[in-house]
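Note sheet for the following structure.
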Amino acid sequence: MPKIFLFSDQDFQGVVRILQNNDPNLVLNEQDQLFESVIVVGGTFNLYNDVQFGGEMLRMGIQDGPDGDGVFRDYGDWNGDVGFHVRSIEINN
């Protein structure tokens, strides 16, 4: 089953959110989060910085990351300049 762990701080520290379903509005459920590190356990996810799958999109999968293992220790690993605030999520099979 696709699953992604989003951590509020670099190096898998801070608050963690575990997401595994499509959700067009994480804000409504208070599940939105600014994250700086990620572990993808299965699948590929499209993460959006706006609700209803809008705004900037970041795609992360089990075979992505600097070592091709779905592990992103900080935002530099996905070529970001800062953390990413996810407000909607979509599983991309």
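The values are calculated or read from the model by the stated rules, or taken from the named source; none is laboratory data. Since this is a predicted model, take the numbers as computed values, not measurements. Cβ sites come from the backbone with ideal geometry, for glycine too, and all protein chains shown count toward neighbours. The protein model used for the area step is the full one, side chains on, heavy atoms only, and it has no ligands, DNA or RNA in it. Shrake-Rupley method; radii C 1.70, N 1.55, O 1.52, S 1.80 Å.
In a fully extended conformation the segment linking N92 and E30 would gain 20.1 nm over its present Cα-Cα distance, using 0.36 nm per residue.
An oblate overall shape is assigned to the range 1-53, the ratio a/c of its alpha-carbon gyration tensor axes (a ≥ b ≥ c) being 1.5 or greater and a/b not exceeding b/c. Only one residue of G54, P24, M1 has its Cα farthest out toward the positive end of the dipole of the range 1-60, where Lys and Arg carry +1 and Asp and Glu -1 on Cβ, and that residue is M1. Between G83, G55, G43, the residue with the greatest mean-square fluctuation in the GNM of the chain (Cα pairs under 10 Å linked by springs) is G55. Placing pseudo-labels 7 Å out from each Cα toward the beta carbon at S8 and D81 gives an inter-label distance of 2.5 nm. For the pair D74 and E56, the difference between a 0.36 nm per residue extended length and the Cα-Cα distance amounts to 4.7 nm.
Taking amide hydrogens as placed 1.01 Å from N in the peptide plane, the amide H of F35 sits under 5 Å from those of F84, H85, V86, each at least 5 positions away in sequence or on another chain. Average accessible surface for the chain: 54 Å² per residue, computed with a 1.4 Å probe over protein heavy atoms with every protein chain in place. Checking the a/c ratio against 1.5 first, then a/b against b/c, what shape does the Cα gyration tensor give for the range 31-93? Judged from the Cα gyration tensor, the range 31-93 comes out oblate (a/c at least 1.5, b/c at or above a/b). Spacing of the modelled spin labels on D67 and Q20, each 7 Å from Cα toward Cβ, amounts to 2.3 nm. Of the accessible area of the range 36-93, computed with a 1.4 Å probe over protein heavy atoms only, carbon and sulfur atoms account for 40 percent.
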